[in-house]
Amino acid sequence: MARGVHLTDHRNKGWFIVTRNGQLVHATGLSRTYTVGRREIPALRGVDFSINRGEFVVLLGPSGAGKTTTLNLVGGLDRPTGGSLSVAGEVVADGSVHAKESRLNALRREHLGFVFAEFHLLPTLSALENVQVPLIWADESGRDRAEALLCRVGLGHRLTHRPDELSGGEMQRVALARALINQPALLLADEPTANLDTNTRDEIFGLLRELSDEGLAILFATHDHELAERGDTVLRLSDGVIVHD
Amino acid sequence: MNWTAIALKNILRRPIRSILTVAGVGVAIAMLFNLLEFQRGYEKGLRSELSDLGAHIMIVPRGCPYEAATIVLHGGKWPRYMDEEWYQIVRGTEGIEASTAIIMDAIIRDGGRENLIYMGIDENYPSLRQSWRYASGDWFSGTQAAILGSSVARSMGVTAGGSITIEEKGRIPATEVTVAGVLERTNSQDDGLVFLPQHTMQQIFGLQGKLVMILVKLADVTQTEQVTAALRSASAEADAGMNIFPLSELLGTLTSLLSSTRVFVLAIVAVAFIIGGVGVLTTILMAVYERTREIGMMKAMGAAKSDIFRLIWLETLFTTIGGGVAGILLALLSGRGVVALLKTILPHTPADFALGMSGSTLAICMGVSVVLGVVAGTWPAWRAASISPITAIRGGSS
Ligand SMILES: Nc1ncnc2c1ncn2[C@@H]1O[C@H](COP(=O)(O)OP(=O)(O)OP(=O)(O)O)[C@@H](O)[C@H]1O
Ligand SMILES: [Mg+2]
């Protein structure tokens, strides 16, 4: 694995956006209740947590526990129905007050990266082009940075391959490089290793561990107990609440 | 990477579907292009033909004016004649600078496949023609003489000094005349005519004392109405069945004859545009649905609504602009065929009538393709922009 590239840039950027109390993410009483017809489904019922810069947080819980819901809220993709949340200095929600969509776009564009169980790569674009996609709306060009990032995730020899010419693990590496192109402070990872075999899972996890050591904060959702021990912090989620042991 | 590159790659993702969509727009644009060029070319051709005639007022025997117009402009057999004396009435009218009387007939050759048109003219005829120049020879040397249009001379293989024989079995006994002159090529109907001295023609064809038409040139064009009125009253007084009409009126008659056809074609073009536009709309909408997850992911990564809107709009615009270019090419390639077709269905088409490529038509066609893209792209682009990233990312697998 190429170790030449360090994510020092985002580290600098990250320092300024840390909230007053030094936390990148701060959630109190965060809740989200879905309404389906007349039924109310409380997916998240008042959770408190915070994430520090460079912290590797594993969000552990069984299916339906509310992991994806939490990540969506932190990522500004969804709005909480209660509680307050601030991410990278932006007040995403405070009670019934919510940040504007344009602010959330900017938040995602500048400070957040996403990886999912599925890779969501554009099939017509090469690995290198896929990594550069978020630069389009950031109005930047960064071919060199994209190439360096692909090398960093161990795909320097697959730059021009299209997704259908890559393995699952390789596709997830491309997706990871794409999530990092805008030098985020926080990576939101929703079971990124769910579709990979154990070896590949460990490789990807190891890579995330390294990135975290270099200063990237990670919120990693999984139901895999084995992985939980390898993070800095474990948030155990069960039925929409955080359980402390 | 930029939006343009992504939009183009998306269009090329389903080449057949994109080609069909582009073709749909292309057909509509080609039809519009041909319609516009036709209108322009037709009016231009007609105008130049009428100005070639060098006359302001045309007098023919009573009859269908369209038929008369066709015969005047292209030459041919005219079933009605007028008395030679009418010419005197015309000449006696005030405000006329020059006038000429004409007799015309055609000899059918090759078992009806070909028509050779003879025109009996007087010494005033050349002065009304703008392009009366001899390639060789000169005006009629005697009574048994002829002047040939350039293409007739070429097809007969004669030059000035040679001779031709006029004959139609059972009607006109063989008569030999000397070729006094051959005209330069004019690209008008003159190229295909054989000119004879008026009296000689009347004798040979058995049309003594008869005329087919009188052309009048005015001293002052603004007096057209007054002179027309004067001619009409003179005709009525003498009880002559003259059909007097100014050529400006003739232009109007011929173009109005076209306008009903034009409305019909315009309706077809409109239908073609609706079909093409709906094709674009459904194709882009389908592409948006297919790419819901992709678009959702872009939004998750921070693309704004306006970014997604722009992407889909660009894809639509590229499709319709592609259709515009394809349509113009199609129109240019099919232009000759269209003209040939029009010549068979329209009552009259100018001699040098062709579909060209004018800047204004190009601009209109490209403008229409852009507008079509803007209109057809709005709804799909809006749909795409409103995709919710969470629902898009959650559903299914890829
Ligand atoms: N859009 C929605 N509408 C209604 N209910 C929802 C919606 N999204 C999630 N839920 C419900 O909220 C609860 C938490 O869902 P969530 O997706 O957060 O779980 P998860 O921990 O990510 O599970 P998994 O490990 O299966 O991905 C579940 O009971 C789920 O059915
Ligand atoms: Mg989940």
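For the reader, a short list of remarks on this structure follows.
- Distribution of pairwise C-alpha distances over the protein assembly as shown, 20 Å bins, in %: 16, 30, 17, 14, 16, 7, 0
- Considering only alpha-carbon pairs that sit under 8 angstrom and 6 or more positions apart, the relative contact order computed for segment B:63-240 is 31 percent.
- Computed over segment A:38-78, Cα set: Rg, Dmax in Å: 11.8, 42
- Rg then Dmax, both in Å and based on the Cα atoms of segment A:72-196: 15.6, 49.
- Per residue, chain B reaches -19000 deg cm²/dmol at 222 nm when only DSSP H runs of four or more residues are counted, each adding -39500 (n - 2.57).
- Accessible surface of segment A:160-245, 1.4 Å probe, proportion on carbon and sulfur as whole %: 44
- In this rough spin-label picture, where each label sits 7 Å from Cα along the Cβ direction, the B:GLU184-B:GLN203 distance is 3.3 nm.
- Exposed-site-free run, longest, chain B (rule: trypsin sites (Lys or Arg not before Pro); DSSP loop; at most 16 other C-beta within 10 Å): B:186-398
- Intensity falloff of segment A:141-244 expressed as log10 I(q)/I(0), Debye formula with alpha-carbon point scatterers, at q = 0.09, 0.18, 0.19, 0.23 Å⁻¹: -0.25, -0.91, -1.00, -1.35
- Exposure rank, largest accessible area first [A:TYR34, B:TYR42; 1.4 Å]: A:TYR34, B:TYR42
- Relative intensity, log₁₀ I(q)/I(0), of chain A from a Debye sum that treats every alpha carbon as a point, q = 0.08, 0.16 Å⁻¹: -0.29, -1.17
- Restricting the calculation to Cα atoms, every distinct pair contributes to the Kirkwood radius of chain B, found to be 25.4 Å.
- Rounded tilt (10° steps) of A:127-138 against the dominant C-alpha axis of chain A: 50
- Using a Förster distance of 30 Å, the FRET efficiency for B:ALA174-B:ARG133 (Cβ separation, nearest 0.05): 0.45
- Among B:MET82, B:ILE108, B:GLY181 - extreme Cα towards positive end, dipole of segment B:63-240, charges at beta-carbon: B:ILE108
- Ordering A:GLY95, A:THR35, A:ILE51 by the projection of their Cα atoms onto the charge dipole of chain A, which places +1 on the Cβ of Lys and Arg and -1 on the Cβ of Asp and Glu, puts A:GLY95 at the extreme positive end.
- A simple spin-label model places pseudo-atoms 7 Å from Cα toward Cβ; at B:TRP3 and B:MET286 they are separated by 2.5 nm.
- Mean Cα-pair separation over length for chain A, i.e. relative contact order, pairs under 8 Å, 6 or more apart, %: 30
- Accessible surface buried once A binds B (1.4 Å probe; total of both sides; Å²): 2300
- Taking the C-alpha atoms only, the angle from helix A:101-111 to the longest principal axis of chain A is near 50 degrees.
- Rounded to the nearest 10 Å², the accessible area of A:GLU110 at probe 1.4 Å: 90
- Measuring between alpha carbons in the structure, the pairs from B:LYS169/B:LYS343; A:LYS100/B:LYS305; B:LYS9/B:LYS299; B:LYS44/B:LYS210; B:LYS9/B:LYS305; A:LYS67/B:LYS299 lying more than 22 angstrom apart are B:LYS169/B:LYS343; B:LYS44/B:LYS210.
- Cα-based equivalent ellipsoid, segment A:99-151: semi-axes from gyration tensor eigenvalues, Å: 21, 14, 10
- Residues B:ALA270 and A:LEU159, FRET efficiency given R0 of 56 Å [Cβ-Cβ distance, rounded to 0.05]: 0.65
- Spin-label model, B:SER155 to B:LEU20: label points 7 Å out along the Cα-to-beta-carbon direction sit 4.9 nm apart.
- Solvent-accessible ranking of B:CYS365, A:CYS151, largest area first, probe 1.4 Å: A:CYS151, B:CYS365
- For the pair A:TYR34 and A:ASP224, a Förster radius of 22 Å applied to the C-beta separation gives a FRET efficiency near 0.30, rounded to the nearest 0.05.
- Take B:THR391: with every protein chain present and a 1.4 Å probe, its accessible area is about 80 Å².
- What the Cα atoms of segment A:82-127 give is an Rg and a Dmax of 14.5, 43 Å.
- Think of chain B as a dipole: +1 on every Lys or Arg Cβ, -1 on every Asp or Glu Cβ, centred on the Cα centre; then among B:SER256, B:ASN34, B:ILE274, B:ILE274 lies furthest on the positive end.
- Rg to Rh, two decimals, where segment B:63-240 supplies the alpha carbon set and Rh follows Kirkwood: 0.98
- Linear extension gain, B:ALA363 paired with B:THR165, 0.36 nm per residue minus alpha-carbon span: 65.9 nm
- The 1.4 Å probe gives accessible areas that order B:ILE204, B:ILE107, B:ILE16, largest first, as B:ILE16, B:ILE204, B:ILE107.
- Using alpha-carbon coordinates, inclination of helix B:224-237 to the longest axis of chain B, degrees: 50
- Magnitude of the charge dipole for segment B:63-240, about its Cα centre and with charges confined to Cβ atoms of Lys, Arg (+1) and Asp, Glu (-1), is about 520 debye.
The values are calculated or read from the model by the stated rules, or taken from the named source; none is laboratory data. Nothing here was measured: the structure is a model prediction, and the numbers come from that model. Backbone-built Cβ (ideal geometry, glycine too); neighbour counts: all protein chains shown. Ligands, DNA and RNA are excluded from the accessible area calculation, which covers all protein heavy atoms including side chains. Shrake-Rupley method; radii C 1.70, N 1.55, O 1.52, S 1.80 Å.
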